Amino acid sequence: MASFKPTLFVVSGPSGAGKGTLVERVRSLYPGLGLTVSATTRSPRPGEVDGKSYYFLSPEEFSRRIEAGEFVEWAEVHGHRYGTLVSEVSSLLAQGSSLVLEIDVQGALQVREKFPEAVLIFIAPPSLDELRARLVGRGTETPESIELRLANAEHELSLAPRYDEIIVNDDLDDATQALLRTFEKYERN
Ligand code: 5GP
């Protein structure tokens, strides 16, 4: 019988590459995979719930928590701060669950420093043109935010070779299967 070990997965990729949708789909197929709730200083979008989508913190509260050493990693992304709380990771690891952090590339590289055994998975868009089309179609971003996210995407893509696995999200079903197989592969090693 295959043995399973709790694994810390990190999923990153440019905004609009579809990592949120992919992680959500894979979690419904792969029960037992915990997802941490990040903290952020950005404002909630319509429909986002504090404590579920993110912990929405004021800049002062975020700074206080950095000082208190409450973050595993944090980074400034698209003009706001985002971070993973130690409490989120330790409670899931204590339960013996594998978990997935859906965070940006700067955060992912910090996690690799602290947890060298973490598995880093990069979700890439098929192209930058397709990424722009998706960000426009999503309708959640202002034109300035779209330009900022696209500029950041080029930098993020340049860091993809530092990840353990790269999945191109061209077709959602194919990419979901590829992510599922990746989780299974590392948990069984
Ligand atoms: P959004 O504002 O679209 O929800 O997220 C913007 C970016 O912040 C995404 O690339 C997302 O992966 C990243 N992000 C979300 N949570 C965290 C976190 O806890 N740490 C870091 N470093 N990045 C995060």
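Key figures for this structure:
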quantity	calculated
Residue count for segment 145-159, restricted to those that are surrounded by 18 or more Cβ atoms within 10 Å (Cβ to Cβ) and of a type in the set (A, V, I, L, M)	3
Every residue from segment 91-121 that is more than 30 Å from Glu154 (Cα to Cα), without any contact (Cβ under 8 Å) to a residue 12 or more places away in the chain and touching a strand residue (DSSP E or B) at 6+ places or on another chain (Cβ under 9 Å)	Ser91
Hits in segment 167-181 (condition: buried (at least 19 other Cβ atoms within 10 Å of the Cβ), of a type outside the set (Gly, Ala, Ser) and part of a helix (DSSP H, G or I))	Thr176, Leu179
Some residue of segment 2-13 being assigned to a loop (DSSP other than H, G, I, E, B), on the phi > 0 side of the Ramachandran plot and under 12 Å from the mean Cα position of the chain (by Cα)	yes
Residue in segment 49-107 that is farthest from the ligand (Cβ to nearest atom), counting only those that are touching a Gly at 6+ places or on another chain (Cβ under 8 Å) and part of a helix (DSSP H, G or I)	Leu92
Residue check, Thr36 near the ligand (Cβ under 8 Å from one of its atoms), in contact (Cβ under 8 Å) with a residue 40 or more places away in the chain and surrounded by 13 or more Cβ atoms within 10 Å (Cβ to Cβ)	yes
Condition broken by Val26, with the remaining ones in (1) assigned to a loop (DSSP other than H, G, I, E, B); (2) closer than 29 Å to Asp170 by Cβ; (3) more than 12 Å from the ligand (Cβ to nearest atom) satisfied	(1)
Qualifying position, being of a type in the set (Gly, Ala, Ser), within 12 Å of the ligand (Cβ to nearest atom) and out of contact with any Cys (no Cβ under 8 Å at 6 or more places or on another chain), among Ser158, Ser127, Ser145	Ser145
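Each reported figure results from applying straightforward, stated rules to the coordinates on display, with no laboratory input. Predicted, not measured: the structure shown is a model, and the values here were computed from it. Neighbour counts are summed over all protein chains in view; Cβ atoms, including those assigned to glycine, are modelled from backbone coordinates with ideal geometry.
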